[in-house]
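The values are calculated or read from the model by the stated rules, or taken from the named source; none is laboratory data. These figures come from a predicted structure and were not determined experimentally. Side chains included, ligands, DNA and RNA excluded: accessible areas come from the protein's heavy atoms. Shrake-Rupley method; radii C 1.70, N 1.55, O 1.52, S 1.80 Å.
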Amino acid sequence: MNLLSIVFGIVAAIGLLVGLIPLLGWVNWFITLPLGIIGLILGTISSSATGRNLNIVILILAALRLFLGGGII
């Protein structure tokens, strides 16, 4: 489960990097946040905390980007 959580976190991180480009903040809504939440749930179920922590950081950064860019959270 932890490996799957890390994979979701890495894909969400790639989406986060794309979402940092101006006018592509919508990527955070449709790719980063859903994948980060799924990865967080899988990371919470697993015995290791690595995937969970990775997804928490990604979700915080995506929410911060949306907040600063005028997205509604």
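Brief remarks on what is shown
- Calculated log₁₀ intensity ratio I(q)/I(0) where the Debye formula runs over C-alpha points of the chain, q = 0.17, 0.20 Å⁻¹: -0.52, -0.68
- Element breakdown for the chain at a 1.4 angstrom probe: carbon and sulfur atoms account for 83% of the accessible area.
- Fully extended contour minus Cα-Cα distance, from residue 26 to residue 3, at 0.36 nm per residue: 5.6 nm
- Accessible area in square angstrom per residue, the chain, 1.4 angstrom probe: 61
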